[in-house]
Amino acid sequence: MLSFATDESRRLPVRIIEVSPRDGLQHEALFVPTARKIDLINALSRSGVTEIEAGSFISPAAVPQLADSDEVFRAIDRVPGVTYSALVPNERGLERARAAAVQKIAVFTAASDSFTRHNIKATVRESLVRFTPVIQGAKRDGMLVRGYISTAVWCPYEGRMAPQITLDVMRRLLDLGVDDISLGDTLGRASPADMRALLDAVMPHIEPVRLSLHVHDTYGMAVANVLTAWEGYGITAFDCSAGGLGGCPYAPGASGNAATEDVVFALKASGAPIAVDEELIVDCARRLSALTGHPPHSRLSQVPPSHIRQPVLKV
Ligand code: MG
């Protein structure tokens, strides 16, 4: 294991990218009413998270659950200091995002060709060609762009991905002008050892503040991976979802995203400066549970409320 974290990196505020309104709700069978989505995002906005993935401008025929993203973006309270982002697959989606005054878009590819073929019907190379005008158009309009790399560690079709392959995709996205990269353990299969092998390979090629980790908890290793990345590599941004809502339809068996409240609790308990109120996140997880009809996946939602809260830090 190489050493990337320093005392200084461990003093940097940790940022949470809350993905439940998009990554979470997209995988639910039912359509959550627009007003409930707006309430959820407004509640998340007050929890201390830095960024909220609030919707998606993918064709409503492909993802009907998020067909109302235009309306959602127009109605939410935009809290200063919080960035509201959306998934954008093509130029038509970018037009919709622009009309809804979206500040940051996300384009999505993967390390594995087999996965991108199933997910977006393109090879990785084709996906990058497709995204090029989207990224250029967004940058021209002053939007920030995030690049998702799914199957960064394991692929449901190809097995373990060599770190070099993920690094190659990351470098190509950075060359296209993407501002930050989210590395996804889509399958939730990565161990801390896998994560170290990946981060050893990618960290020399990106500033740590531009990198986020998007882990899933299928095998119960999500929080361990977050702590490995923060403590050992100076990574300070994590994608997670209140109540662990989410999954991946193309990754058989993949359970939810890392639960925001569990990630926040573990980081805070480890001394990370993080200004998120985990009790407010548990409230949001319960709100989501009432909407979706299934209980939160998180550990913290099972702890008696009076035992949850640690000090909310000002960072
Ligand atoms: Mg996810």
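The values are calculated or read from the model by the stated rules, or taken from the named source; none is laboratory data. Model, not experiment: these values are computed from the prediction. Cβ placement follows ideal geometry from the backbone for every residue including glycine, while neighbour counts extend to all protein chains displayed.
Structural remarks
- Residue that is surrounded by the most Cβ atoms within 10 Å (Cβ to Cβ) [pool: residues in region 10-52 that are more than 14 Å from the ligand (Cβ to nearest atom) and among the acidic types (Asp, Glu)]: GLU51
- Any hit, region 109-116, residues being within 16 Å of the ligand (Cβ to nearest atom), hydroxyl-bearing (Ser, Thr, Tyr), assigned to a helix (DSSP H, G or I) and free of Cβ contacts under 8 Å to residues at least 60 places away in the same chain: yes
- Filter result (out of contact with any Ser or Thr (no Cβ under 9 Å at 6 or more places or on another chain) and part of a loop (DSSP other than H, G, I, E, B)) within region 2-28: LEU2, SER3, PHE4, ALA5, THR6, ASP7, GLU8, HIS27
- Residue match in region 61-70 (condition: under 19 Å from GLY147 (Cβ atoms) and either part of a helix (DSSP H, G or I) or away from the ligand (no atom under 15 Å from the Cβ) (or both)): no
- Considering region 71-108, the residues that are in a loop (DSSP other than H, G, I, E, B), β-branched (Val, Ile, Thr) and in contact (Cβ under 8 Å) with a residue 40 or more places away in the chain include one that is farthest from SER45 (Cα to Cα), namely VAL88.
- Set VAL303, VAL276, VAL282: member being of a type in the set (A, V, I, L, M, F, W, C), more than 24 Å from GLY232 (Cβ to Cβ) and touching a helix residue (DSSP H, G or I) at 6+ places or on another chain (Cβ under 6 Å): VAL282
- When each of LEU199, LEU187, LEU183 is tested for being buried (at least 21 other Cβ atoms within 10 Å of the Cβ) and part of a loop (DSSP other than H, G, I, E, B), the lone residue that passes is LEU187.
- Of all residues in region 213-236 being of a type in the set (S, T, N, Q) and either assigned to a strand (DSSP E or B) or within 16 Å of the ligand (Cβ to nearest atom) (or both), the one that is nearest to ILE149 (Cα to Cα): ASN225
- When residues of region 156-179 are limited to those that are at pLDDT 95 or above and either within 16 Å of the ligand (Cβ to nearest atom) or among the polar types (S, T, N, Q) (or both), the one surrounded by the most Cβ atoms within 10 Å (Cβ to Cβ): THR166
- Residue within region 86-96 that is over 23 Å from ILE149 (Cβ atoms), within 19 Å of the chain's Cα centre (by Cα) and surrounded by fewer than 18 Cβ atoms within 10 Å (Cβ to Cβ) present: no
- Top-ranked residue in region 180-200 [being touching a helix residue (DSSP H, G or I) at 6+ places or on another chain (Cβ under 9 Å), within 16 Å of the ligand (Cβ to nearest atom) and among the small types (Gly, Ala, Ser); ranked as farthest from GLY246 (Cα to Cα)]: ALA190
- Region 101-127: number of residues that are buried (at least 18 other Cβ atoms within 10 Å of the Cβ) and out of contact with any Lys or Arg (no Cβ under 6 Å at 6 or more places or on another chain): 16
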